[in-house]
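See structure below.
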Amino acid sequence: MAENVISPSEDDLTNAARSLRISYPTLGAPRLLSLLLEANSNWTVSEKRLRKVLQKAGLSASSNTITPSVSNNDGDASSHEYPTSRMVEHLTPSKWTNSVKVADFGREKGKGLVATKLVAEGERIWVEDPFVMCPEWELEELQRGAHACMYCTRPISLSITPPMPCKCSAMFCNRLCHARGAPAHAFLCPAQNPAAVPFLEHVRKEQWKAPYAWALFVALILSHAVKGVDSTNKELYDMLEVLRGLAALSLEKRVRVLANWQAGDASSRALWKRTHTLFVQALYKPADPVYAKKLQKLKGKSIALPPGVEDELFGYDQFLVGLGKMSLNMEAHGGLNQTPRITIIAKSAIPEGEELVVSYVDPSQDVWTRRRMLKEWGFGTCLCARCVQEAESSKAAGGGVEQKAELEDELRGFLGV
Ligand SMILES: [Zn+2]
Ligand SMILES: [Zn+2]
Ligand SMILES: [Zn+2]
């Protein structure tokens, strides 16, 4: 029988590799690949591709022995680092919704959304355009080839008004998209800022979306800074607040949460460092003085960003935090920026006062997989009603599930949680 063989997306492959890696921290890529293909019989993945994914996510095998990551003070919850998001003061969700408000649940849990009225099944709760669109690489290629709009990613062939060309090969589908997208695009445009080309080629070659998304975000901030960097430029500081408000967990912290074996992974670190260097040369300090002049021209009045902000956008540690933010907020099932417009529709009635939640993991996975993935993000053991109930019944059912439960306990010990 002909089986439907697919090449998994980068996110799917990374998630699957991450799950395996946590169970088999020292296994080499070939063995890991065979386990991966065993678990996903319809996948086709080359060893080379797997190695790349492992390297990018900092999941390459380490010969270091596993030691508990956190010297946990006997379950002292305050020593735990959760990724948290913060309230962004100026954000008024009423632009996007009239049935939901933002609520602050305190330091540990962060912000969330609560229904302000009874929402009927099928009702549209939320409509929003994302701050930054980070398309799949296939789509990014279509953008560069003037087949898809550089701003909204819609096919240029569907434009009813004349499309607007950029100085590079890209196109915008109309004047509105050009007005909205061209200022930020300029910083990553090969014609207007040639210093960005090596960085763009690098992330494309690596097929690595997180640094590309981070660069798009920084380019957007730079385009706001062009109007001046003093406090009268409200848009700029609002944008910085949005960035600061995104749920964050730096790669370094994720690494610590996973286990210390990460700390010795030189090849991952080398890749992060190289990517950061190219990023800085693209948007901050071009190596070539001619390119530096071009970038300076684009930046206009924003040449001197406040020192704190410069570090926030271009420092190495902040870069890793940025990559973590992009990965966390781009997750396939909790994502905010891979589609041109976000529309949320109620699949069932929501009573007034109920919290609206998103799943950071694939909700169709079993409870053990979900919990494991959440742990890798540093969220601790999920104790939501569904997880608690499914864990109980899966334990009660026994059989093959028990093995997983055991693994879970082992993992808990290994993570020191
Ligand atoms: Zn467009
Ligand atoms: Zn361009
Ligand atoms: Zn749960």
Over 28 Å between Cα atoms, which of Lys56/Lys294; Lys234/Lys285; Lys48/Lys294; Lys234/Lys325; Lys167/Lys325; Lys209/Lys347 qualify?
Lys56/Lys294; Lys48/Lys294; Lys167/Lys325; Lys209/Lys347
Quick one: which residues, 5 or more positions from Lys111 or on another chain, have an amide H under 5 Å from its amide H? H modelled 1.01 Å from N in the peptide plane, none for Pro or chain starts.
Ser85, Phe105
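Using the reciprocal of the averaged 1/r over all distinct C-alpha pairs, how large is the Kirkwood radius of segment 1-61 in Å? Show your work: numbers first, answer last.
Numbers: mean 1/r = 0.0866 Å⁻¹.
For segment 1-61, inverting the mean 1/r across all distinct Cα pairs yields 11.5 Å.
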Among Ser60, Ala17, Leu36, the residue whose Cα sits farthest towards the positive end of the charge dipole of segment 1-61, when +1 is placed on the Cβ of each Lys and Arg and -1 on the Cβ of each Asp and Glu, is Ser60
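Read the figures in this text as sums done on the coordinates, not as results from a lab. Everything numeric here is computed off the predicted structure, so don't read it as measured data. Cβ coordinates were reconstructed from backbone atoms using ideal geometry, including for glycine residues, and neighbour counts include every protein chain displayed.
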